[in-house]
Amino acid sequence: MKHRKIVFVCTGNTCRSPMAEAAFREELKRRKIRWYTVRSAGLFAQAGEPINPKSAQALSEAKIPFDAAFAARPLTQKTIAESYAVVCMTQAQKNRLSQFPNVTCMSDYTGKEIPDPYGRDLDEYRAALRAIRAAFPRVIEGLRIGEDGYGETKFKEKK
């Protein structure tokens, strides 16, 4: 079975989207959902930039594994075309990509955007990570992840 690619997108691919990539990968693993590849990219990313140290710290504090050698990637049309879904952090980012039918944003699922913590204190990065993780159940449901032979048939939340 071919893997489906989910790509999380923010502006620079150093703060929100790398946190979403790592946390979503961990969430799929926790739910035992396979056959998905999780990546991230940025609309204005400088290729090769490392993950923001505050994003790395927020992930570490939450005990979410991430690649310490992470390198930012610009979002390309090829990446979008190869993806099952591209999930932006804000409506404005989604609007820039409106010509692509597989592009969504966090507020499509939760009614809330993920504010950019860049240049702010560590608590803002922690808050962004909490908001990202809180959106995952609705993102998974909205994208029908784990259905149609991909992963488990239909995920049921453990009580």
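Determine whether ALA41 is of a type in the set (Gly, Ala, Ser) and either closer than 20 Å to ALA128 by Cβ or crowded, with 19+ Cβ neighbours inside 10 Å (or both).
Yes, satisfied.
Kindly indicate which of ILE114, ILE145 is within 21 Å of ARG25 (Cβ to Cβ), modelled with pLDDT of 95 or more and touching a strand residue (DSSP E or B) at 6+ places or on another chain (Cβ under 9 Å).
Testing whether each residue is within 21 Å of ARG25 (Cβ to Cβ), modelled with pLDDT of 95 or more and touching a strand residue (DSSP E or B) at 6+ places or on another chain (Cβ under 9 Å) leaves just ILE114.
Please determine, by comparing only the residues of the range 1-32 that are under 12 Å from the mean Cα position of the chain (by Cα) and in a strand (DSSP E or B), which one is surrounded by the most Cβ atoms within 10 Å (Cβ to Cβ).
Step by step, filter the range 1-32, then rank; the result is VAL9.
Kindly establish whether ALA45 is modelled with pLDDT under 95, more than 14 Å from the chain's Cα centre (by Cα) and not in a helix (DSSP H, G or I).
Against the criterion (modelled with pLDDT under 95, more than 14 Å from the chain's Cα centre (by Cα) and not in a helix (DSSP H, G or I)), ALA45 does not qualify.
Out of curiosity, is LYS54 of a type in the set (D, E, K, R), crowded, with 18+ Cβ neighbours inside 10 Å, more than 16 Å from the chain's Cα centre (by Cα) and modelled with pLDDT of 95 or more?
So LYS54 passes the test.
Quick one: which of ALA62, ALA22 is closer than 19 Å to ASP121 by Cβ and either touching a strand residue (DSSP E or B) at 6+ places or on another chain (Cβ under 9 Å) or at pLDDT 95 or above (or both)?
ALA62
Could you check, for the range 140-153, whether at least one of its residues is acidic (Asp, Glu) and under 26 Å from PRO50 (Cβ atoms)?
There is no residue in the range 140-153 that is acidic (Asp, Glu) and under 26 Å from PRO50 (Cβ atoms).
Would you mention how many residues in the range 115-129 are of a type in the set (Asp, Glu), surrounded by 14 or more Cβ atoms within 10 Å (Cβ to Cβ) and under 11 Å from ALA58 (Cα atoms)?
1
Could you say whether any residue in the range 70-83 is in a loop (DSSP other than H, G, I, E, B), closer than 25 Å to ARG34 by Cα and at pLDDT below 95?
no
Given the structure, is VAL38 of a type in the set (Val, Ile, Thr) and touching a residue at least 40 places away in the same chain (Cβ under 8 Å)?
Here the answer is no, as VAL38 does not meet what is asked.
Residues to consider are ALA71, ALA47; find the one that is in contact with an Asp or Glu (Cβ under 8 Å, 6 or more places away or on another chain), surrounded by fewer than 20 Cβ atoms within 10 Å (Cβ to Cβ), of a type in the set (A, V, I, L, M) and more than 26 Å from ARG144 (Cα to Cα).
ALA71
The values are calculated or read from the model by the stated rules, or taken from the named source; none is laboratory data. Since this is a predicted model, take the numbers as computed values, not measurements. Cβ: placed from backbone, ideal geometry, glycine included. Neighbour counts: every protein chain shown.
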